[in-house]
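Asker: The structure under discussion is supplied below as structure tokens; questions concerning it will follow.
The values are calculated or read from the model by the stated rules, or taken from the named source; none is laboratory data. Quick caveat, the model's predicted, so the values are computed rather than measured. A quick note on method: Cβ atoms are made from the backbone with ideal geometry, for glycine too, and the neighbour counts reach across all protein chains shown.
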């Protein structure tokens, strides 16, 4: 008797579970059916000419929304122009200009590409030769170049006091840019940067004004296959001190306008003519 009762209970439980599962599945099907969208809506025979495509409705809504957004943007643009004209304000520019002793200078903004040129001019010999530019660092070297009538292109300085140490009357045609001292420390090769770096056009020895040319000795120094920048700079400094008439460099020598050669020569480049890349 007990076994029969247990069997009957198990069968009733299974039947109940299957019924509930079927109910759940059928309810899901009805929900899916309610969510479906018809492709077309066909009316009776009298209204057979009317055929509605349900897919056109969202496209019409999108067109309306886009037209509204375009109108809003136009209105905003008109309002901005009206406010600018009424207030007399101009849009802000990333570069601000200041003046010192009648000379205008710019303030470099973050990510200024002009600062990256310092590295390429200082490190690449091919760039210096193709672009015709050299890099001079320090007040004394820049002053020597300006006294020899070298043409400056850009001058980067950290403070206004550093700029005032230079002959400002010879910087009329140059672009003056004020940068942070941290930026100069990054691109400078010196342990203690002086806070002023300049880019000059590559000087032509025939056009420079050498102050010691009238007191020179008829003696030419020929440097052949000198690879070390420090040695070449020392030779140029000694030649300027001895009063040589000119210096001739063969093709195997290091570039005379490399920053290390310029520092070792201590301004000798602007005291006597140097002719590089000779056969």
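Asker: Test residue 243 against the stated conditions and say whether it is in contact with a strand residue (DSSP E or B) (Cβ under 8 Å, 6 or more places away or on another chain), on the phi > 0 side of the Ramachandran plot and at pLDDT below 95. It would help to see each step written out before you state the result.
Answerer: Details: in contact with a strand residue (DSSP E or B) (Cβ under 8 Å, 6 or more places away or on another chain): yes; on the phi > 0 side of the Ramachandran plot: yes; at pLDDT below 95: yes.
Criteria met by residue 243.
Asker: Among what's in segment 82-99 and is at pLDDT below 75 and in contact with a strand residue (DSSP E or B) (Cβ under 8 Å, 6 or more places away or on another chain), pick the residue that is nearest to residue 187 (Cα to Cα). Reasoning before the result, please.
Answerer: Of all residues in segment 82-99, those at pLDDT below 75 come to 82-97.
Filter once more, so that each one left must be in contact with a strand residue (DSSP E or B) (Cβ under 8 Å, 6 or more places away or on another chain): 95-97.
Numbers: 95: 21, 96: 23, 97: 23 Å.
If we take residues in segment 82-99 being at pLDDT below 75 and in contact with a strand residue (DSSP E or B) (Cβ under 8 Å, 6 or more places away or on another chain), then 95 is nearest to residue 187 (Cα to Cα).
Asker: Take residue 246 and tell me if it is over 29 Å from the mean Cα position of the chain (by Cα) and in a strand (DSSP E or B).
Answerer: Numbers: over 29 Å from the mean Cα position of the chain (by Cα): yes; in a strand (DSSP E or B): yes.
For residue 246, the condition - over 29 Å from the mean Cα position of the chain (by Cα) and in a strand (DSSP E or B) - is met.
Asker: When you scan segment 225-240, do you find a residue that is on the phi < 0 side of the Ramachandran plot and in a strand (DSSP E or B), even just one? Steps first, please.
Answerer: Our first condition is that a residue be on the phi < 0 side of the Ramachandran plot; within segment 225-240, this holds for 226-240.
Checking the rest, the ones that are also in a strand (DSSP E or B) come to none.
No, the conditions are met nowhere in segment 225-240.
Asker: Here is a list of conditions, (1) at pLDDT below 90; (2) over 29 Å from the mean Cα position of the chain (by Cα); (3) exposed (fewer than 13 other Cβ atoms within 10 Å of the Cβ), and residue 125 meets all of them except one; can you say which number that is?
Answerer: Among (1) at pLDDT below 90; (2) over 29 Å from the mean Cα position of the chain (by Cα); (3) exposed (fewer than 13 other Cβ atoms within 10 Å of the Cβ), the lone unmet condition for residue 125 is (2).
Asker: In segment 191-210, how many are in a loop (DSSP other than H, G, I, E, B) and either surrounded by 13 or more Cβ atoms within 10 Å (Cβ to Cβ) or without any contact (Cβ under 8 Å) to a residue 60 or more places away in the chain (or both)?
Answerer: Step one: of segment 191-210, the residues in a loop (DSSP other than H, G, I, E, B) are 191-195, 202-210.
Keeping just the survivors that are either surrounded by 13 or more Cβ atoms within 10 Å (Cβ to Cβ) or without any contact (Cβ under 8 Å) to a residue 60 or more places away in the chain (or both) gives 191-195, 202-205, 207-208, 210.
Number satisfying all stated conditions: 12.
Asker: Of the conditions (1) surrounded by fewer than 18 Cβ atoms within 10 Å (Cβ to Cβ); (2) part of a strand (DSSP E or B); (3) in contact with a helix residue (DSSP H, G or I) (Cβ under 7 Å, 6 or more places away or on another chain), residue 260 clears all except one; give me its number.
Answerer: The failed condition is (2).
Asker: Taking residue 238, is it out of contact with any helix residue (DSSP H, G or I) (no Cβ under 8 Å at 6 or more places or on another chain) and surrounded by 20 or more Cβ atoms within 10 Å (Cβ to Cβ)? Break it down into steps so the answer makes sense when it comes.
Answerer: Numbers: out of contact with any helix residue (DSSP H, G or I) (no Cβ under 8 Å at 6 or more places or on another chain): yes; surrounded by 20 or more Cβ atoms within 10 Å (Cβ to Cβ): no.
When the stated conditions are applied, residue 238 does not pass them.
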